[in-house]
Amino acid sequence: MTRGLLWASRTALSSLAALLIFVGYASAGHVEAIRRAHSDQDKGAPKQQQVGEAESKAAMKVQSAPDPNAKLQAAADFVKKYPKSTLRSQVALHVAGEINNIQNAGQKVTLLENLLNIFKEPGEADVITPMLIDAYIHSEPPRTEDAVRLANSFLARNPNDLATLTQITILGVQQAKSGNSKGAQQSLQAGQKAIELIEAGKKPDNMDDARWKEYQTRWLPQLYTSTGTLALISGNRDEARTRIQKAVSLNSSDPYNFWLLASLVYDEYQKLAEEHNSLASGPLKDEVLKKAQAVMDSLIDNYARVVALSEGQTQYNQLREQAMTDLQKFWTYRHGGSTDGMQQLIDKYKKH
């Protein structure tokens, strides 16, 4: 065990920025799930009651407007003329859905902000707000502070909204990725609440069975991964380990979980290596060496899993490259400079 080996591996793992390069990889899929989760809220909208012909025509004008900008203007005219209309929620839902389909995130943000200024009733705002949070996140550059501010406001009214709790958890990790970890604890708490809701079987009223199943099977392990990452950022390594191990138990095919475990194991190795290097030859030094070698074997195992499970997934190319580099360093150190047997270990963990 030499200081050269210790330094070489430290460069790959000690930097929080390097650790967070791979965080948030599932966020794009998640916000789509959030859109779908909230899309059913129109089922709870008031049924169309008897309305006057002019009012009905004004609502139809919104629907027949040729583009989102025109629909927004028609909706503003409708609300101004019929502020107490029973058709307000349907109009708001229609325009919000059309704006949400816009590909340009900047344009989407502007239109949704304007729509939110028109439809301010809680039921209306609570349909528009998740879409605007999503649009803030996907702006260039991402408007994460606006997204967090709006999410906090939304959760103050809807404290058990599973989709938004999950969203703000991932947002916290994304902020840390950008070097801003001040919201990590809040996001960790949001993630824990989302986990509790899922594990308690509290399916949101506006979520169908298929989407609920997706949260139970797909998003629950990712919530454990995200909260584990946030715990790690906050300096609680024991909690981070527990959460990441739970994520692995729920989804053993995610290479990022094993990368996180490797980062935790590496800290153990580093401490033992430094202790070993500081000791004079003797029984105690030999005992520390044996412990460090056992920890190195655990590192090797985690790196091999990362390499195996990330194969063929381009989003993990950088992760896989770093894991392979560290795997080779530790493997050759433990096997007298040889890589014999290393590929067999990788193959052992490949998905078949």
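The values are calculated or read from the model by the stated rules, or taken from the named source; none is laboratory data. Small disclaimer: the values here were computed from a predicted structure and weren't measured. Cβ sites come from the backbone with ideal geometry, for glycine too, and all protein chains shown count toward neighbours. To get the accessible areas, we keep the full protein, side chains included, count just its heavy atoms, and leave off ligands, DNA and RNA. Shrake-Rupley method; radii C 1.70, N 1.55, O 1.52, S 1.80 Å.
On the basis of being open to solvent by less than 40 Å² (accessible area, probe 1.4 Å), at pLDDT 95 or above and over 13 Å from Trp259 (Cβ atoms), does Ser338 make the cut?
Details: open to solvent by less than 40 Å² (accessible area, probe 1.4 Å): yes; at pLDDT 95 or above: yes; over 13 Å from Trp259 (Cβ atoms): yes.
The answer is yes for Ser338.
Quick check on this structure: which one of Gly179, Gly201 is in a loop (DSSP other than H, G, I, E, B), open to solvent by 50 Å² or more (accessible area, probe 1.4 Å) and among the small types (Gly, Ala, Ser)?
The match here is Gly179.
Is it true that Arg237 is modelled with pLDDT under 95 and either of a type in the set (D, E, K, R) or farther than 28 Å from Leu327 by Cβ (or both)?
Here the answer is yes, as Arg237 does meet what is asked.
Is there any pair with a first residue in the range 236-265 that is of a type in the set (A, V, I, L, M) and a second that is in a helix (DSSP H, G or I) and open to solvent by 60 Å² or more (accessible area, probe 1.4 Å) whose Cβ atoms are under 7 Å apart and which are 6 or more apart or on different chains, and what are they?
As it stands, the answer is Leu264/Arg237; Leu264/Arg241, since those pairs meet every condition given.
Between Thr164, Thr169, which is part of a helix (DSSP H, G or I), touching a Gly at 6+ places or on another chain (Cβ under 9 Å) and either in contact (Cβ under 8 Å) with a residue 60 or more places away in the chain or crowded, with 23+ Cβ neighbours inside 10 Å (or both)? Can you show your working first?
Values: Thr164 fails: touching a Gly at 6+ places or on another chain (Cβ under 9 Å).
Exactly one of Thr164, Thr169 is part of a helix (DSSP H, G or I), touching a Gly at 6+ places or on another chain (Cβ under 9 Å) and either in contact (Cβ under 8 Å) with a residue 60 or more places away in the chain or crowded, with 23+ Cβ neighbours inside 10 Å (or both), namely Thr169.
When you go through (1) within 30 Å of Gly191 (Cα to Cα); (2) polar (S, T, N, Q); (3) at pLDDT below 95 one by one for Ser281, which number turns out not to apply?
Evaluating Ser281 over (1) within 30 Å of Gly191 (Cα to Cα); (2) polar (S, T, N, Q); (3) at pLDDT below 95 leaves (1) as the failure.
Could you tell me whether the range 257-276 includes any residue that is of a type in the set (D, E, K, R) and under 17 Å from the mean Cα position of the chain (by Cα)?
No, the range 257-276 contains no residue that is of a type in the set (D, E, K, R) and under 17 Å from the mean Cα position of the chain (by Cα).
Condition test on Ala37, is it modelled with pLDDT under 50, under 36 Å from the mean Cα position of the chain (by Cα) and surrounded by fewer than 16 Cβ atoms within 10 Å (Cβ to Cβ)?
No; evaluated as a whole, the condition is false for this residue.
Tell me which residues, restricted to the range 172-216, are at positive phi and either free of Cβ contacts under 8 Å to residues at least 12 places away in the same chain or among the aliphatic types (A, V, I, L, M) (or both).
Gly201
Can you run down the residue pairs with Cβ atoms below 8 Å, 6 or more apart or on separate chains, where the first is in the range 318-347 and without any contact (Cβ under 8 Å) to a residue 40 or more places away in the chain and over 17 Å from Ala294 (Cα atoms) and the partner is open to solvent by 50 Å² or more (accessible area, probe 1.4 Å) and part of a helix (DSSP H, G or I)?
Once the first residue is without any contact (Cβ under 8 Å) to a residue 40 or more places away in the chain and over 17 Å from Ala294 (Cα atoms) and sits in the range 318-347, its partners that are open to solvent by 50 Å² or more (accessible area, probe 1.4 Å) and part of a helix (DSSP H, G or I) give Thr339/Gln328.
Take the residues of the range 184-198 that are within 15 Å of Asn236 (Cα to Cα) and buried (at least 20 other Cβ atoms within 10 Å of the Cβ): which is modelled with the lowest pLDDT?
Quick first cut of the range 184-198, residues within 15 Å of Asn236 (Cα to Cα) only: 184-189, 192.
Filter once more, keeping what is buried (at least 20 other Cβ atoms within 10 Å of the Cβ): 184, 187-188.
Working: Ala184: 87, Ser187: 92, Leu188: 94.
Restricting to residues being within 15 Å of Asn236 (Cα to Cα) and buried (at least 20 other Cβ atoms within 10 Å of the Cβ), the top hit is Ala184.
For the range 311-352, how many residues meet the condition of being in a loop (DSSP other than H, G, I, E, B) and closer than 16 Å to Ser252 by Cα?
Result for the range 311-352: 6.
Given the conditions (1) under 11 Å from the mean Cα position of the chain (by Cα); (2) open to solvent by 10 Å² or more (accessible area, probe 1.4 Å); (3) closer than 23 Å to Asp267 by Cα, which single one is not true for Leu232?
The single condition Leu232 does not satisfy is (1).
When the range 271-291 is examined, which residues are found to be open to solvent by 40 Å² or more (accessible area, probe 1.4 Å) and free of Cβ contacts under 8 Å to residues at least 60 places away in the same chain? So that I can check it myself, show each step before the final result.
We begin by selecting, within the range 271-291, every residue open to solvent by 40 Å² or more (accessible area, probe 1.4 Å); these are 271, 274-275, 277-281, 283-284, 286-287, 289-291.
Lys271, Glu275, Ser278, Leu279, Ala280, Ser281, Pro283, Leu284, Asp286, Glu287, Lys290, Lys291, listed by residue number.
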